[in-house]
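Taking it in order: structure first as structure tokens, then the write-up.
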Amino acid sequence: MIGLVALGVMAAGATRAAPAELVQSFKDWAVVCDNLRTCQVAGFASEDSELPAVLRLSRTGQASAPARIEIDLGGEASIESKSLTLAIDGRAVMTTRAAASDNGYGLVTVLAGAQVGPLLGAARNGTLLSIRAGDKDLGQVSLAGMVAALRYVDDQQKRGGTLTAMIAKGPDPAASVPAPPVLPVLHAAPAIAQTGLPPKPPAVVQALAGCEVEPGSEGKPEAFRLSADKVLWQIPCGGGAYNFSSVFIVVDKTGRAGVAPLEGVDDGLATNADYDPKTRVLDAYDKGRGIGDCGNSSKWVWTGDTFELSESRVMPVCRGYGGDWPVIFRAKVQ
């Protein structure tokens with residue numbers, strides 16, 4: 001199994017409210033929990049499987065919240081009948097319906113409510129989940145690590161010993177599960193007209209950035225007005241096939257320059273980054289590899305004095321995960 005990818009910008013920005021220990025892997029399974037105790041779990045096929053599928057389980061931290069399962073069969077699964085059978089070690093457990101994935105490439109089946117418990121119960125002592133159409137296997141998910149991953153979720157959501165736990169069940173009622181933390185609220189600075197911007201970065205910015213922008217490199221220096229007396233510069237600073245770095249520097253009206261105050265980032269450096277003056281949000285993402293099935297991303301909002309972290313996502317293992325990367329930190333921006 002490929003191990004945890006480097007968390008980069010995301011991990012640095014998320015340390016305030018979502019420590020890195022909330023990102024864990026267990027054999028063929030990975031878990032990401034956020035600052036509100038919402039957890040997302042991913043189970044993968046073994047690395048030698050010829051029929052890879054991904055099982056995504058999500059559950060919020062609310063005491064009575066149900067778990068939801070989505071099984072993605074990927075782009076290789078295309079069938080006339082959308083009726084599927086889920087089997088554990090060759091034994092049929094239930095039938096379900098499949099639909100085209102959001103991108104129209106491959107099939108996805110969703111389990112919710114009364115279907116989730118029986119599947120997890122049957123899988124608890126199993127080794128392999130097979131997704132079948134008739135007698136044909138379309139996908140497989142290894143169950144190695146599933147119990148440890150779900151037990152970890154029970155622990156993070158403080159469900160251990162309660163009727164609501166997925167693995168660590170006990171007699172305590174749902175009411176004994178503590179409420180999740182309150183969603184943080186951030187206040188974006190007022191939007192400001194992007195007028196009177198300098199045509200090129202002053203020498204102090206180039207010197208602070210320490211990056212030589214060569215002809216043909218990705219992007220060019222760009223300026224954004226943060227306020228009447230502050231300008232944000234984005235300076236390209238190298239890259240490769242799919243990840244390109246920029247340094248963000250703030251200059252005040254006196255000409256003093258400093259690296260942009262991105263919460264959790266000391267050097268103002270971000271990957272594949274953009275700033276949107278309309279929303280006052282600076283976003284960045286870092287692919288673990290070219291196909292984009294792993295990596296991390298962050299968003300910061302300019303509040304007038306600093307860029308506060310508003311969202312971080314991560315997929316910690318490179319195993320063919322589809323869909324949005326799981327959230328490790330979230331806040332509401334007003």
With +1 on the Cβ of every Lys and Arg and -1 on the Cβ of every Asp and Glu, the dipole magnitude of the chain about its Cα centre, in debye rounded to the nearest 20, is 880 debye
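Could you order the peptides 306-313, 327-334 from most to least packed, using the average number of other C-beta atoms within 10 Å per residue? Write down the numbers at each step before the final one.
On the way: 306-313: 23.8, 327-334: 18.9.
Packing order, densest peptide first, comes out as 306-313, 327-334.
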Can you give the relative contact order of the chain as a percent, counting alpha carbon pairs under 8 Å and 6+ residues apart? 19 percent
Which value, in debye to the nearest 20, gives the size of the charge dipole of the range 191-334 about its Cα centre, when Lys and Arg are +1 and Asp and Glu are -1 at the Cβ? 260 debye
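Provide the net charge surrounding ASP252, with neighbours chosen by a C-beta distance below 11 Å and charges set as Lys +1, Arg +1, Asp -1, Glu -1.
On the way: positive: LYS230, LYS253, ARG256; negative: ASP229.
Result for the local shell: +2.
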Within straight-line cross-link reach of LYS169, aspartates and glutamates at Cα separation under 19 Å, skipping those fewer than 8 residues along the same chain: ASP154, ASP155
Among the aspartates and glutamates, which fall within straight-line cross-link reach of LYS136, defined as a Cα-Cα distance under 17 Å, with same-chain neighbours fewer than 8 residues apart omitted? GLU50, ASP72, GLU76, GLU80, ASP89
12 Å beta-carbon shell around SER227, net charge (K/R +1, D/E -1): +1
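Calculate how many DSSP beta bridges within the chain are antiparallel, expressed in % of all such bridges and rounded to the nearest 5. Can you show the working numbers first?
Working: 85 of 90 bridges.
Of those bridges, close to 95 percent are antiparallel.
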Put +1 on the Cβ of each Lys and Arg and -1 on the Cβ of each Asp and Glu in the chain; which of VAL327, LEU186, PRO201 then has its Cα farthest toward the positive end of the dipole? LEU186
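Every number here is computed from the coordinates shown, using simple stated rules; none is lab data. Since the structure is predicted, the reported quantities are computational estimates derived from the model, not experimental observations. We place every Cβ from the backbone using ideal geometry, glycine too, and count neighbours over all the protein chains shown.
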